[in-house]
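Worksheet for the structure shown next.
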Amino acid sequence: MTDTTIHKGLAGVLVDTTSISKVNPETNSLLYRGYPVQELAARCSFEEVAYLLWNGELPSAEELAEFTSGERSQRALTPELKAVIDALPSTCHPMDVCRTAASVLGAEHPKAEDSSRLANMEKSVSLFAAMPAVVAYDQRRRRGEDLVEPREDLGYAANFLWMTFGEEAAPEVVEAFNVSMILYAEHSFNASTFTARVITSTLSDLHSAVTGAIGALKGPLHGGANEAVMHTFEEITASAQDHDVAAHAAAWLDSALADKKKIMGFGHRVYKNGDSRVPTMKASLDAMVKHYDRPDLGELYTALESAMAERKNILPNLDYPAGPAYHLMGFDTATFTPLFVAARITGWTAHIMEQLEANALIRPLSEYNGADERHLG
Ligand SMILES: CC(=O)SCCNC(=O)CCNC(=O)[C@H](O)C(C)(C)COP(=O)(O)OP(=O)(O)OC[C@H]1O[C@@H](n2cnc3c(N)ncnc32)[C@H](O)[C@@H]1OP(=O)(O)O
Ligand SMILES: O=C([O-])CC(=O)C(=O)O
């Protein structure tokens, strides 16, 4: 029987089962394959978490060695992909570069039309390995800098920072970046993952699903919020004039709320009592504030968070601490959402493979509310 209730935004609708992650708003927890994300962030490399998301179990030492050697050998940009990136205007959004790169990587892949689990696993690892080079090179070309080749002697996080900045990052920075990648990796049926599952449900290929997911992530109501947080901080700083910036945050917020603006980095569709990942990312932000000696940024963060809780009782989501942490590490603001892409490739591709294991075409119904039937002349 057809359910005639309309669920705008599919809010509260259970669409399918998943064994990849569990978001529990009641206990404010997030599990990847059963493990609390905080434990994974404290004890694992991003490579181990990627392996876990794809395979359901953490790797043994041997499995990890085999996995990382495959990943490290696929990190370099192909000359063809580099040429495509070079042909894109440096004024386009870096998310457009990621989206184009995912599509090109699909077109280049020898098993592009093979959607077997084995082929999809190979494609997932190669996308995971290649996306950091895309993001790093794009930021460099915008700054007029040359490509930095990947280093096989570095782990994923350290190599990503190396390719972006051309120098080895301090261990605290590598650690904070690794934590951010783990926290961003997976979050059940969020809008971009659902997009990937919709595309997969038509039996389209993995790269098409990832390309669509990147488009969904770009929007400011989803992944685009991490860069929007930095714009908010800049706006508050600019409008503070001679006043103390942190003290000005509440006045800025009152005016933004009076203008009915959404405050980016706050609120969540599922969590209503705070995002489970925020305390862990905030600890990494604190470490960056200390490392780069920027207490002013920490003060502004806290001032806006407190004012938002007081005025609206709305708490931060992961994008709120991630944005300023990436800023302190030296990433350009427009590069923040591509960093989210690099991390979420793991979750998206795990969901693509899960969707294919028990596929049903995703095709909901709509209630027509247009013109009554009419006829030409
Ligand atoms: C990693 C991630 O992708 S997390 C999400 C990142 N996105 C953002 O940070 C964008 C800002 N936040 C938002 O727009 C929303 O909180 C969303 C889109 C994340 C969730 O939204 P929904 O579940 O659809 O809730 P909705 O937008 O209807 O908000 C409910 C109420 O809270 C208010 N609200 C929610 N978030 C915010 C916010 N960030 N700023 C101001 N008001 C807010 C809404 O205005 C609405 O108020 P109303 O009932 O008086 O109209
Ligand atoms: O779950 C969501 O709706 C958005 C989110 O936090 C994520 O994708 O990480």
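The values are calculated or read from the model by the stated rules, or taken from the named source; none is laboratory data. Computed from a predicted structure; not experimentally measured. Here Cβ is always computed from backbone atoms with ideal geometry, including for glycine, and neighbour counts include all displayed protein chains. Heads up: the accessible areas ignore ligands, DNA and RNA and are worked out on the full protein's heavy atoms, side chains in. Shrake-Rupley method; radii C 1.70, N 1.55, O 1.52, S 1.80 Å.
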* Asked: Of 18, 68, which residue is open to solvent by less than 70 Å² (accessible area, probe 1.4 Å), among the polar types (S, T, N, Q) and either part of a helix (DSSP H, G or I) or within 25 Å of residue 132 (Cβ to Cβ) (or both)?
  -> 68
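Regarding residue 174, is this residue more than 9 Å from ligand 1 (Cβ to nearest atom), of a type outside the set (S, T, N, Q) and open to solvent by less than 40 Å² (accessible area, probe 1.4 Å)?
It is true that residue 174 is more than 9 Å from ligand 1 (Cβ to nearest atom), of a type outside the set (S, T, N, Q) and open to solvent by less than 40 Å² (accessible area, probe 1.4 Å).
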* Structure fact -> A careful count of residues in segment 132-162 that are touching a residue at least 60 places away in the same chain (Cβ under 8 Å) and either hydrophobic (A, V, I, L, M, F, W, C) or within 16 Å of ligand 1 (Cβ to nearest atom) (or both) gives 6
* What tally of residues in segment 281-292 results from selecting those that are under 14 Å from residue 319 (Cβ atoms) and more than 16 Å from the chain's Cα centre (by Cα)? -> 3
* open to solvent by less than 30 Å² (accessible area, probe 1.4 Å), modelled with pLDDT of 95 or more, closer than 24 Å to residue 323 by Cβ and within 11 Å of ligand 2 (Cβ to nearest atom), is that true of residue 180? -> no
* Restricting attention to segment 348-361, does a residue exist that is hydrophobic (A, V, I, L, M, F, W, C), surrounded by 15 or more Cβ atoms within 10 Å (Cβ to Cβ) and within 15 Å of residue 218 (Cβ to Cβ)? -> yes
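Just checking, which of 63, 39 is open to solvent by 20 Å² or more (accessible area, probe 1.4 Å) and closer than 24 Å to residue 109 by Cβ?
Testing whether each residue is open to solvent by 20 Å² or more (accessible area, probe 1.4 Å) and closer than 24 Å to residue 109 by Cβ leaves just 63.
The rows are residues; the columns are (1) away from ligand 2 (no atom under 16 Å from the Cβ); (2) closer than 28 Å to residue 136 by Cα; (3) at pLDDT 95 or above.
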position: 254; (1), (2), (3): yes, no, yes
position: 281; (1), (2), (3): no, yes, yes
position: 309; (1), (2), (3): yes, no, yes
position: 322; (1), (2), (3): no, yes, yes
position: 329; (1), (2), (3): yes, yes, yes
position: 332; (1), (2), (3): yes, yes, yes
* Asked: Residues of segment 201-212 being aliphatic (A, V, I, L, M), crowded, with 18+ Cβ neighbours inside 10 Å and away from ligand 2 (no atom under 15 Å from the Cβ), which ones?
  -> 206, 209
* Asked: Counting just the residues of segment 260-309 that are of a type in the set (Asp, Glu) and touching a residue at least 12 places away in the same chain (Cβ under 8 Å), which one comes out surrounded by the fewest Cβ atoms within 10 Å (Cβ to Cβ)?
  -> 296
* Among the listed residues 196, 191, 185, which satisfies the condition of being without any contact (Cβ under 8 Å) to a residue 40 or more places away in the chain, within 16 Å of ligand 2 (Cβ to nearest atom) and hydrophobic (A, V, I, L, M, F, W, C)? -> 191
* Asked: How many residues are open to solvent by less than 40 Å² (accessible area, probe 1.4 Å) and farther than 23 Å from residue 336 by Cβ when one looks only at segment 232-256?
  -> 2
* What do you reckon, is residue 157 under 18 Å from the mean Cα position of the chain (by Cα) and modelled with pLDDT of 95 or more? -> yes
* Does residue 129 count as free of Cβ contacts under 8 Å to residues at least 60 places away in the same chain and open to solvent by 30 Å² or more (accessible area, probe 1.4 Å)? -> no
* Asked: Quick one: which helices (runs of 4 or more DSSP H) sit completely within segment 295-365 and have at least 1 residues that are touching a Cys at 6+ places or on another chain (Cβ under 8 Å)?
  -> 336-357
* Structure fact -> Counted residues in segment 187-207 being aliphatic (A, V, I, L, M), within 14 Å of the chain's Cα centre (by Cα) and either within 12 Å of ligand 1 (Cβ to nearest atom) or in a loop (DSSP other than H, G, I, E, B) (or both) come to 1
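Would you check if there is a residue in segment 213-223 being of a type in the set (A, V, I, L, M), more than 12 Å from ligand 1 (Cβ to nearest atom) and buried (at least 21 other Cβ atoms within 10 Å of the Cβ)?
For segment 213-223, residues of a type in the set (A, V, I, L, M), more than 12 Å from ligand 1 (Cβ to nearest atom) and buried (at least 21 other Cβ atoms within 10 Å of the Cβ): present.
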* To do: Considering every residue within segment 80-88, establish whether at least one is touching a strand residue (DSSP E or B) at 6+ places or on another chain (Cβ under 7 Å) and either of a type outside the set (A, V, I, L, M) or modelled with pLDDT of 95 or more (or both).
  => no
